[in-house]
1. Which order do the peptides A:484-492, B:74-82 take when ranked by the mean count of other beta-carbon atoms within 10 Å per residue, highest first?
2. Mind checking which lysines have their Cα closer than 29 Å to the Cα of A:Lys78? Skip sequence neighbours fewer than 8 apart in that chain.
3. Provide, as a two-decimal number, the C-alpha radius of gyration of the range A:2-90 over 2.2 N^0.38 Å, N being how many residues it has.
4. Quick one: A:Ile610, A:Ile72, fewest Cβ neighbours within 10 Å first, how do they rank?
5. If you count, for every residue in A:93-103, the Cβ atoms of partner chains within 10 Å of its Cβ, what is the mean?
6. What are the aspartates and glutamates whose alpha-carbon lies under 13 Å from the alpha-carbon of A:Lys183, with same-chain residues fewer than 8 places away excluded?
7. How many partner chain Cβ atoms sit within 10 Å of a residue's Cβ in peptide A:83-91, on average, as a whole number?
8. What do the square roots of 5 times the Cα gyration tensor eigenvalues come to for the range A:768-879, in whole Å, largest first, as semi-axes of the equivalent ellipsoid?
Amino acid sequence: MVKVFVNGVEVEVDATSTILKAAEKAGVAIPTFCYHPRMDPAGSCRICAVELEDSKRVVMSCVTPVAEGMRILTESAKVADARKTNLELLLLHHPLDCPVCDCGGECPLQNMSFAYGASDSRFESHRNDEVEDLKSDVLVFNSNRCILCGKCVRICDEVQDVHAIGFINRGFDTVIGPPLGKKLDCEFCGDCLEVCPTGAITDKFVRYQYRPWQLEKTKTTCTYCASGCQMNVETEKEAIIRVTSSEGEGPNEGSICAIGRFGFSHVQSTERLDKPYARSFSRLVPTEWDSVIPEIAERIRKIAGTGPDRIATLVSPRITLEDAYLIQGFTRRVLRSNFIDSGARYGFMNAAFPIARATGTLRPMVDHQDLLKAKVILVIGADPTAESNITGLFLKRAIRKEKARMYYVGSESVSITARAKEHIRVLPGGEGLFAWVLSEEIAGEESSRHPEFLAKKEDLFKSFNVDPQAYTKLVQDLRESPTGVIITGRVFHRIQSASDAMESLLRMTNALGWVEKEGCGILPLPEVGNDLGVLMMGATHEWLPGLLDSQDPENKKKWEATWGEPLSYGKGGGLKEILEGIKSGAIKGLISFGENPLTHFSPNSEVREILSKLDLLVSVDLFQTSLSDQAHFLLPAASSYERSGHVVSVEGFVQALNPAMTYWGESLTDGEIVSRLAECMGVPFATRSTGEVSKEIFTLMPDLSPSTRNGDHFMGPTGNLILPTIVNQPPHKADRKTVMKRMASRAENWKSAITPIQPEIISGEGDFVFALNKSLFHSGKMTLLDPSLMKMESSAFVRINRQTAKKLKIKKNENVLIENSYGSCILPVELTSGVTENELQVPYHFDSPDLMGLFPGEINYSGTCSTVTMLRTRVTLKKIE
Amino acid sequence: MGIKKFLNTIMFGEIMSGLKLTFRHMFKKAVTLQYPHEKLTLPDGYRGFIVHRRYENEQERCVGCDLCEAICPAKAISVVGDIHPEFPERRYAKEYTLDFTRCIFCGFCVVACPVNALAMTKEYAHSSFTREGLIYSKEQLLSLGDKCEQDSIGYLKFKNMWEAENSGKEEGRYHFPPIPSVKSGG
């Protein structure tokens, strides 16, 4: 620690810190253009000049380290002179087109020119008058306005690790843009747009449509994935214009992915439902809430009156904690049914169930900060960048800056595999077996290993093409490294044996001693924004709120006491049991809150016929979906930009949603709809505001009180501090001590070897494995209606290995016929070296062609939690002549 | 009561002294005008109706920058900017509405305009039976501007805003990158 004086104020700072950091600590703001707290200093803009009192020298504060007894002046005449001259030089090229520049009004360069009065230059102006680069659909590069601070290039390199833009040419001709004058082709995260201190990079979607001072900012949480990004939704006259982030704020620290930053237009499209619809004579006709609610209530009363467990509810994992709590309460108390399930059943449940069984909590053991401390990171069947973008960013940072060793296990290459120490390729279907073999290798003693262990290991190397050397390296590294994290994702959660595989991984972490060690553990990536929260609130048949077993009379009693009424729901079940119940006629009604089961099943399956047997099908959604063709009632729901509430992030933060606009048309939140229904049915299920429901949740489950990271982060160039919004927040991670206790009892089952996991049998026939993956630019099916995201990725395509394509003489963008006995589809080709030779990868989001048509009609419910996982099928591939 | 006062009373002296002023004015030049048959000559700085101006090549000047909306103390102006349908690098006002029922004719918008697209004119006799009739669209403002081009030039000259644009000096001026088909960049 050294002592320095900033404008006479004594501060003590770390010996390695810079003058800028010291000034920040002293509460003195120094203007900067090129400085960015998350990146290495560049010292290129020369505006952060400060004077050293002793040596009378002007130095750049962002790159100069402090020294003992240093006396720093930040506002002396010499400093002002230096800054003014510097501005004059910057403005030599910079056009004075602020009135038409989208940055005008929030431009640090404009503010600085205003503060130092440097609009009159002593030098002769030299305007480049270059034409703007309008090639990209997302960003506009205006090289005239660029001051070459390099922030955009550095954030793309250091934070996003994408390297999409760079400096082109040298000297006066330097411009910034994508290489070789090509069209920008990147992850479109828009971080460069966010950090640009001038209007050199602007947003093309809302180009010239707004002025910053007209926009109203609302801080809210993104619900597309579970990263829990804090973002500012900026609206003008009730319309969302753009989404920005505040530097350093929230778990995302100011980064947002393409979906979060650009994917908001669909919520204000004309396709949105603005009125409730009721079916009359086989057509959906618009009606009023006042008539539709009593009608539904009457039909529910008729069905539910015949006994418990007659009506089922499905819940989208995008809804808030409050809505999930109300819906499960409505299902269990009013409908007297335990047939409740959420979108987590399509995969994430496979991770959540074994973890909750072993640890007693769904709070993660590790967070993103632990990723940075981990020495070894094992990623199995996940694409963190696409599934939980911020986890991906921290993973990249851990590898790049903290030198973590990352092992990637999976068949395909994703954006992070290039950074892996070892990419252990497992042919499709072998992931479960891999987890079992790895766990048995590490957890089992040589003498007490499962008798089939060696055979299975051999099978893994032979049939699934796993490199034995890389495998041995991984085993050794896991054993020896002091800290480690395992990240599992969508593909891993969706394999048929996923729950057993997760159990194997838990057994392995226990054997490695990671349970006791702070900063070690498993981080499963949820697929959708509030997967964790919806499960914590008991929107699943297994659990009551608080992850209490719903069939345990003790737990039932606890909630009976809280709610003040007896609970008489039956055994209930998940999606599998719901569909079986409808088929057998035991379930007569289904209320779906934003969930459309039809999109997750093959059209060959009889799900559509099963649903047509219902006496009551209510679909609550933002848009018309394939489910609404069958629904008796179609109710408009408010989007996540319109509602308030809380969502749980992948790290366990409980963060607030704030409404940026009023409800679209006559739409209501899911919670309000069930409250109205209950009220109409005369059940004491008092209609309450979301705030009151949150309060109830937080009093009943105090560990779920709001929490966030970087609520009080230094905000950057202008130096304004925002006050911490949450005080005394509960820990977001799982409590190690209770987890250790629970794990100890679960570990009894793991003493002897557990039964081996059979390799996945992939349905269909043919040489190729057709796999559905998640796109970087889409989230579910909802974003297909978003014009901005559709510009980034507009239609389905199939990714094929380059060598395979060469063999079959298929070129880029040519159409191929993909076929098996269940169906066929035609898709254009994109070549990649990222997939294995016999694998075809297709983003699952697009409706046409119908990709689910390639899957068998009979549904294999997998694992202990009967998940429905349509991930892979075998197909043949033909070139269309 | 004196004889003088008596005479004054019977001869209507007070009325005569009043009429004296009247008669004197009968031989002077009239100050009032026979409006609407005759009209006043207004000074160049007269703040009448606000209009939109064009470049010599008929291109509208307005770049839709919203600065007039920002400065308007009466909140009479609303601008919706967008990309120009013909030139993708150019900003223009897709919609521009000036509510003359709210306008207080302060002239701030003209000062704020970076491209001299706005000017005040000597037009004052625009009345309407409806409120909507006094809410002017961009097209109305442009056609009014075409009608009163000389007035608007006079106003800008009077306000010393003509010089800045036509002096040929680069410093302290807004500099827009050249736009195809518009010779004078602003």
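Derivation of every value follows stated rules applied to the coordinates shown; laboratory data play no part. Being a predicted model, the structure only gives us computed values, none of them experimental. Glycine also receives a Cβ, built like all others from the backbone with ideal geometry; neighbour counts cover every protein chain displayed.
1. On the way: A:484-492: 27.8, B:74-82: 18.2.
Output ranking for A:484-492, B:74-82: A:484-492, B:74-82.
2. A:Lys3, A:Lys21, A:Lys25, A:Lys56, A:Lys151
3. Values: Rg = 12.1 Å, N = 89, 2.2 N^0.38 = 12.1 Å.
The value comes to 1.00.
4. Values: A:Ile610 20, A:Ile72 29.
By the 10 Å Cβ count, ascending, the order reads A:Ile610, A:Ile72.
5. Working: counts 0, 1, 5, 8, 10, 5, 13, 15, 3, 2, 0.
Mean partner-chain Cβ count within 10 Å for A:93-103: 6.
6. Correct list for A:Lys183: A:Glu132, A:Asp133, A:Asp137.
7. 0
8. Numbers: eigenvalues 99, 79, 32 Å².
Whole-Å semi-axes of the equivalent ellipsoid: 22, 20, 13.
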